[in-house]
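**Student:** The following block contains the structure, expressed as structure tokens.
The values are calculated or read from the model by the stated rules, or taken from the named source; none is laboratory data. Here the structure is a predicted model, which is why all the values come from computation and not from measurement. Reconstructed Cβ throughout: ideal geometry from the backbone, glycine too, with neighbour counts over all protein chains shown. Side chains included, ligands, DNA and RNA excluded: accessible areas come from the protein's heavy atoms. Shrake-Rupley method; radii C 1.70, N 1.55, O 1.52, S 1.80 Å.
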Amino acid sequence: VQLQASGGGLVQAGGSLRLSCAASGRTFSSYFMAWFRQAPGKEREFVVRISGTGTSTVYVDSVKGRFTISRDNAKNTVYLQMNSLKPEDTAVYYCAADRFGRGTYNYWGQGTQVTVSS
């Protein structure tokens, strides 16, 4: 599966952005999808994931209540709605796909930059 992330940009603290990740292939609904991020000088970190059916999600504590992941399997797309953005959310955001839900992400998008100004 090939992934294409988009939707990043520059936003002021407190603002919102919605990221999208479009996937190729006919088996999109069978993949767990996730978003990761990597800030300058830091390691890549897990942000959130969603099951193939969209009924199960897991968030890192730092984004709970502010970020929402969703997916539209008819459009082969996963979304990340980010509200109440903080400067510490600044990072390159990557979408990733996990075929079996075991936490092994074999497919990655190219990343989209999110910059939150204070």
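**Student:** Which of the residues belonging to the stretch 94-113 are surrounded by fewer than 22 Cβ atoms within 10 Å (Cβ to Cβ), hydrophobic (A, V, I, L, M, F, W, C) and at pLDDT 95 or above?
**Tutor:** TRP108
**Student:** Which of (1) in a strand (DSSP E or B); (2) touching a helix residue (DSSP H, G or I) at 6+ places or on another chain (Cβ under 7 Å) does CYS95 not meet, given it meets every other one?
**Tutor:** (2)
**Student:** Further question: When both residues are 6+ apart or on different chains and their Cβ atoms are under 9 Å apart, which pairs have a first residue that lies in the stretch 89-118 and is farther than 30 Å from ALA13 by Cβ, and a second that is among the charged types (D, E, K, R) and surrounded by 13 or more Cβ atoms within 10 Å (Cβ to Cβ)?
**Tutor:** Within 9 Å, the pairs are ASP98/ARG49; GLY101/ARG49; GLY103/ARG49; THR104/ASP98; ASN106/ASP98; ASN106/ARG99; TYR107/ASP98; TYR107/ARG99.
**Student:** Moving on to the next point. Give me the strands (runs of 3 or more DSSP E) completely within the stretch 1-83, filtered to those with at least 2 residues that are farther than 23 Å from GLY101 by Cβ, open to solvent by less than 70 Å² (accessible area, probe 1.4 Å) and modelled with pLDDT of 95 or more, ordered by residue number.
**Tutor:** 9-12
**Student:** Consider only pairs whose beta carbons are under 9 Å apart and that are at least six residues apart or on different chains; among these, list those whose first residue lies in the stretch 42-61 and is of a type in the set (Ser, Thr, Tyr) and whose second residue is in a loop (DSSP other than H, G, I, E, B) and modelled with pLDDT of 95 or more.
**Tutor:** THR53/ASN73; THR57/SER51; TYR59/GLY65
**Student:** Continuing with this model, one more query. Just the residues that are among the acidic types (Asp, Glu) and more than 28 Å from ARG26 (Cβ to Cβ), please, taken from the stretch 52-72.
**Tutor:** Passing the criteria: only ASP61.
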